[in-house]
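Shown next, in C-alpha cells, is the structure this report addresses.
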Amino acid sequence: MPDKIAITLDVNGKSYDVNVEPRRSLADVLREDCGLTGTHLGCEHGVCGACTVLVDGRPVRACLMFGVQAEGKAIRTVEGLADGDVLHPLQKAFWENHGLQCGFCTPGFLMLAVGALEENPAMSEAELRDVLSSNLCRCTGYQNIVKAVRLAADEMRARRA
Amino acid sequence: MSGIGVPARRLEDGPLLRGEGRFAADCNAPGQLHMRVVRSPVAFGRLLGVDAGEASTLPGVVAVWTAADVADLPPIDFRMTRIEGLAPFRQRVLAADYVRYVGDPVAVVFATDAYVAEDAADLVFCDIDELDPVLDPLADPSPFMPETQPGLLSEPAVVRKGYGDIDAAFAAAHRVVELTVRVGRHSGVPMETRGALAVHDAARDILTMHGAAKVPHYNRDAIARMLGRDRERVQLSEGHVGGGFGIRGELYPEDVLVCLAALRLRTPVKWVEDRREHLLAANHSRDQTHRLRAAVDARGFILGLDAEFFTDQGAYVRTHGGTVTDLAAGLLPGPYVIPAYRVAGHVRLTNKTPAGTYRAPGRYETTFARERLVDRIGAELGLDPIEVRRVNLIPEDAMPFHRGLDTLGTHVVHDSGRYHDLLDRTLAHVGFDDERKRAAERRSAGEAVGVGLGWFVEKSGLGPKDLVRISLAGDGRLEIVTGVASIGQGVETALAQICAETLHLPIETMRVVHGQTDRIAYGMGAFASRVTVMTGSAVQIASAGLLATARAAAATMLQAAPDALGFDGGVFASPAGASVSLQAVAAHFEASGKVLAAEGEFAADHMNYPYGIHIARVRVDRETGGVAVERFIVAYDIGRAVNPLLVEGQIAGACAQGIGGALFEEFVYDEGGQPLAASFVDYLMPTCHEVPDVETFLREDAPSPLNPLGVKGAGEGGITAVGAAIAAAIDDALGRPGLVSRLPVSPARLHALISGR
Ligand code: FES
Ligand code: FES
C-alpha cells in the first residue's frame, strides 16, 4: 500500500486530521476519513456533479481533486449548509418546491448553487440554467430544481438588501 | 391536515437536504472488506482459466474467488414471467465456461481497502479464447455456449399472442400499411450506482444485506434459497435509494456474492460499483425492432394488426424473465380498438449486457412503434393523423374493455377511460390548431419547426396483494408499516396522506416503514407503478379499520352509539356534545395495555390502465441535425391524484428520461462487441439545457373502479409516448412524414437522414 500522508483539512469550519494516501480523492477523504457522507459519488469522472463541494468558495468536483490538494483551503460541504435547525434558503426552497426526489444529486446541486449565488446573487435565468446544466439529475427533470434555485436566489438577494 | 389531493411537501426530504441520507455506499461496518469484481474484457469467448496469483500476493488482499469457488450456487432465478425455455439462459454469479459480454463477472477480489481491491482486480488475468460476438438480434439464432451447451440457440423463446380473425381483416383491407421501426438500447441509469453491505451477526446467525431496494422480500427469499439458509436468517434492509427506474434492486450476481462472502469470510463485506461497471453490468433495456403490418379501411380504421418484434435481451435472461417481451406483446394495441391482432415477440440473446425492465417497459417501445404506424396510416391515406386516432380510439361506452389477451398473467381489461374526451380536452388545452398554424408559419419563414402527438395507455397496480399495519400510540405518533420499497418517489408522503384522509391526523406525526423484511411478513415491493394503487389501498383499508376500532371505543367512552358519533378533525363527538380525540382513544388503549392498531390487506386480480397523450413541439437544426424540444405537454388521467406536486414531479422526471431515450442515450457497441458508451462522457443523459419545463395536464375523469381510492399509478406515463411524440414532431418540422423510424434521433443520425445518406 502506498505511503500515507498526514494532512489537516478545514471542512465547514472544523479541522480534521487525517492520514491518507496521496492518490485518494477529496471525495473519498471527506466520505471515508472525515465521515461526511453527504458528498456523493455518481461517476467519479467529473461529469455528474454529485460530488460538488466548495473549495475556497468555488464549486469543485471532489472526485477530480486529491484530498492532499485541499489542505489549507476552506472546504464546505452540504453538512455545513444549515444553521442548526434552520435550513439554508436553498435547502428550504428545494423542500418547498419538490426540488428533489431520490435526493442523491441534491447535495451536489445545493453546493453548486450556493457557490454560484454567493458569487453572483443577481444571475439571470439563462445564467442560472447554464450553471445548473453542469450537474445531472435523473429523477426530477430539473424544472423544480431550477425553480427552487431561482426562488432561493430572490430570497438571498432580499436578505442581503 | 394533508389528505388526498393536497400538494404537501414531502416527509422524506429533511435528511436528504442535510446530507444525512443513508445510501448504499454510506453503510459501513467495523472490519469490513471491500469486494471488487473482475469483469470480462471481451464480448464472447471460451473461459479457459483465471490467474489470480499476482493479485493474491498484494498486501491487503484477503481472497480471490473464481467460478470454482461458487460452483455450488445455482444461477440467479426469475422473479417474474417465467416463460418456458428460458431457464438454461440464466446468469451464474461468476462466469464458468464462457464469457458472454464485456462486463461479465469472472472473479471477485476481497481486500481490506477499496483502492487495494481495485488494484488487485487489475492484476487478475483471464485466459479467454475469443469468439466472434453476436450483436445483431435479427440475425439467425446461433449457439449460446457452443461446446458446453450444444444445441442451445440464442432464441430462448417466442411470445405469441393474438385474438380475432386476422386473415379476414387483411382480406377485407382497403390498404395494408407496413412499417419497421427500432428503439435503441438505453436504460434507467440512476445517479446512485449499485452497492451493498452484507453483515453476518454470528451470535444470532442473521445475515443482513444493506442497500436493498425495490423488492426486498422477494430478494431475501431468493438469497436464502441460493445460499441454502432459512429465510428467517436473512434480512434485507433498505436505506435511501438513489433512483430505481426498474433496474435498481433486482437481484444481481454482486448482491449474492457479498452475502456469501460475509458468511464465508466471517466479516462484513462491502461492494460499491463505479459508473463504468454500472453501465456495463446493470440491466440495459429497450432495444426492440418492430415489423408491423396493418390492414386498414378507407377511414384509417385498423381492421387487423400483424406484428413481429425482436427484443435484444443481451447475454443472459435475468430476473425479469420474459417480462419486457410479454408486456410489449400484450400492450402493443394501446388505446385502439383493433378487432384482430397477431403478434410474435422474439426474445433474442446477443453478446451485450443483459437487459431487463426500465420505466414503462414494453410500452415506451410499442408506443413508439404503434404511434409511428398510425402516423403512417394518416400519411398514406392522406388523412389527419389526429383524425385517424379518433377513428381508432376505444369508445367510452365500450369500457371496461376486454382486450382478449393476457399479459403478466392477468387479462388485459381497460378498467375505465374516456379517450375521446381526453383527446378533445387536450387539443383545446394546448391550443393544438394554433400550435400547428404557428409551426407552419415558422416553417414558411425558414425554420424547421414541427408539432407531434403520441397516445399511450399505461398499466399500473400489479397485484396480487399488499399488507399494511397501522398503529397509533398514546402520544399521537402513528406508524404505518408496509412491505413496499421506496426508490425515491415519495412513497412515505403519499401513503401518509392517504392515511390522513381517513384519520384526520397531521402527516408530520406519521412514520412510514418500508423495505425492512424484519418488520412485516410479506411485501411485493415497488415496481410496475403499483405502490399508490396496491399499498395505498391497503393503507386506506387499514386506516378505516383503525377508525372503526377507535369509534367503538370512543362510543363506550362517550356513552353513545358508534353510529351516532361524528368524526371531524381527528375528534369524535357525541350528539350530546361530549368529545374525545383519536389520540385520547389511543392513550386509553395504552392505559389498558393494548395498542390501537389495524391491518389492511388489498388484493387485485387485474391491473388498471391510466392513459394519456404527449404533445411535443421541436425545432430542428438542419445544419447539425440537433433537435431542441421547445414545448412538451403530458396529458394524463390517473383517476385520482394523491399528491399533485409529487405526481407532476414523477411526470416531469419521467419525461426527461423519455427525451434522453428519444434523442441522446444509447448503449452503442463496436463490431467487436466493445461498449462505446461506458462513461457519462459517451452515454449522454439530458441536462437542464435539453429538457424544457414539462407542462402537465392532469385529469381525474376516469377513476379506477378496481380500488377504493380510484387511483391509477402515475410513475410511468410521463415517459411512455415521448419517443412517439418527438418523432412525429421531427417529421412535421422537416415536412417528411415517416422520416424517423429509429430512436434515438441523435444529431448524427438525423443529419444523415436530412442529407439523404
Ligand atoms: S462524482 Fe464527481 S462529477 Fe460525478
Ligand atoms: S433527485 Fe434523484 S438524481 Fe436528482
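Accessible area of residue B:128, 1.4 Å probe, to the nearest 10 Å²?
Number for this one is 30 Å².
Leaving ligands, DNA and RNA out of it, rank B:706, B:408, A:110 by accessible area with a 1.4 Å probe, largest first.
My answer, sorted largest first, is B:706, B:408, A:110.
Which loop-located GluC sites (Glu not before Pro) does the stretch B:106-195 contain, where loop means any DSSP state but H, G, I, E or B and the Cβ has at most 11 other Cβ atoms within 10 Å?
In loop regions of the stretch B:106-195 (DSSP not H, G, I, E or B), the sparsely surrounded GluC sites (Glu not before Pro) are B:147.
Quick one: work out the % antiparallel among DSSP beta bridges in the protein assembly as shown, nearest 5.
Antiparallel bridges make up about 80 percent of those DSSP assigns within the protein assembly as shown.
Identify all lysines with a Cα-Cα distance to residue A:14 below 26 Å; exclude those on the same chain that are fewer than 8 residues away in sequence.
By straight Cα distance, residue A:14 reaches A:4, A:73, A:92.
Give me the one-decimal nm value for the distance between modelled label points at residue B:411 and residue B:160, 7 Å along each residue's Cα-to-Cβ direction.
It is 2.3 nm.
What are the principal axis extents of the Cα atoms in the stretch B:62-125, in Å, biggest first?
Result, largest extent first: 44, 20, 19 Å.
At a Förster radius of 35 Å, what calculated FRET efficiency corresponds to the Cβ-Cβ distance of residue B:592 and residue B:203, to the nearest 0.05?
After rounding, the FRET efficiency stands at 0.45.
In percent, how large is the relative contact order of the stretch B:462-603, given Cα pairs closer than 8 Å and 6 or more residues apart?
It rounds to 36 percent for the stretch B:462-603.
Could you order A:5, B:302 so the one with the most accessible surface comes first? Probe is 1.4 Å.
A:5, B:302
Note the buried accessible area between A and B here, summed over both chains, with a 1.4 Å probe, in Å² to the nearest 100.
The summed interface area works out to 4400 Å².
At 0.36 nm per residue, minus the direct Cα-Cα distance, what do residue B:689 and residue B:421 gain on full extension? Give it in nm, one decimal, please.
Going from the current span to full extension adds 93.1 nm.
Working out 0.36 nm times the residue gap between residue B:622 and residue B:576, then minus their Cα-Cα distance, what length gain in nm do you get to one decimal?
Between residue B:622 and residue B:576, full extension yields 8.8 nm more.
From the residues B:193, B:44, B:33, which one has its Cα farthest along the dipole of chain B in the positive direction, the dipole being from +1 and -1 charges on Cβ of Lys/Arg and Asp/Glu about the Cα centre?
Checking the options against the dipole of chain B, the answer is B:193.
Which trypsin sites (Lys or Arg not before Pro) in the stretch A:11-109 pass both tests, a DSSP loop state and at most 12 other beta-carbon atoms within 10 Å?
Passing both the DSSP loop test and the Cβ count: A:23.
What FRET efficiency do you get for residue B:112 and residue A:118 if R0 is 45 Å and r is their Cβ-Cβ distance, rounded to the nearest 0.05?
Computed FRET efficiency for residue B:112 and residue A:118: 0.65.
HN-Hα J couplings of the stretch A:13-22 from phi, Karplus 6.51/-1.76/1.60, θ = phi - 60°, integer Hz, Gly and Pro as x?
Those phi angles translate into x, 10, 9, 10, 8, 9, 10, 9, 5, x Hz.
Quick one: which of B:367-373, B:46-52 comes out on top by average Cβ neighbours within 10 Å, and what's the full order, highest first?
Ranking the peptides B:367-373, B:46-52 by packing returns B:367-373, B:46-52.
Might you report the magnitude of the Cβ-based charge dipole of the stretch A:5-80 about its Cα centre, with Lys and Arg at +1 and Asp and Glu at -1, to the nearest 20 debye?
220
Please compute the modelled spin-label separation between residue B:447 and residue B:548, points set 7 Å along Cα→Cβ, answer in nm with one decimal.
6.0
What is the spin-label model distance, in nm, from residue B:518 to residue B:263 if the labels are put 7 Å beyond Cα along the C-beta direction?
About 1.8 nm separates the two model spin labels.
At a 1.4 Å probe, what is the % contribution of carbon and sulfur to the accessible area of the protein assembly as shown?
C and S fraction of accessible area: 50 percent.
Excluding residue B:664 itself, calculate the net charge of residues whose Cβ lies under 12 Å from the Cβ of residue B:664, where each Lys or Arg counts +1 and each Asp or Glu counts -1.
Charge balance in the 12 Å sphere: -3.
Would you kindly find the accessible area of residue B:669, with a 1.4 Å probe and non-protein molecules such as ligands, DNA and RNA excluded, rounding to the nearest 10 Å²?
40
By Kyte-Doolittle mean hydropathy of at least 0.5 and Cα axial length of at least 27 Å, which whole DSSP H helices of chain B are selected?
For chain B, where a helix must reach 27 Å along its axis and average at least 0.5, the hits are B:536-558.
Taking the 0 to 90 degree range and rounding to the nearest ten, how far is the long axis of helix A:143-160 tilted relative to the main principal axis of chain A, both from C-alpha atoms?
Taking Cα atoms only, the helix is inclined about 90 degrees.
Could you report the accessible area of residue A:128 in Å², rounded to 10, computed with a 1.4 Å probe on the protein chains as they sit in the structure?
It works out to around 10 Å².
Select from A:148, A:43, A:67 the residue farthest towards the positive end of the dipole of chain A; place +1 on Cβ of Lys and Arg, -1 on Cβ of Asp and Glu, and compute about the Cα centre.
Going by the charge dipole, the pick is A:148.
If DNA, RNA and ligands are ignored and the probe is 1.4 Å, what is the ranking of B:13, A:17, B:406, B:297 by accessible area, most exposed first?
A:17, B:406, B:297, B:13
With the cut-off at 25 Å, tell me which of the pairs B:214/B:459; B:161/B:352; B:214/B:270 have Cα atoms farther apart than that.
Distance filter (> 25 Å) returns B:161/B:352.
Given R₀ = 51 Å, what would the calculated FRET efficiency be for residue B:84 paired with residue B:20, taking r from the Cβ atoms and rounding to 0.05?
0.60
Taking Cα pairs under 8 Å and at least six residues apart, what relative contact order does the stretch A:5-80 come out at, in percent?
38
The values are calculated or read from the model by the stated rules, or taken from the named source; none is laboratory data. This is a predicted model, so every value here is computed, not measured. Counting neighbours? That spans all protein chains shown, and the Cβs are built from the backbone with ideal geometry, glycine included. To get the accessible areas, we keep the full protein, side chains included, count just its heavy atoms, and leave off ligands, DNA and RNA. Shrake-Rupley method; radii C 1.70, N 1.55, O 1.52, S 1.80 Å.
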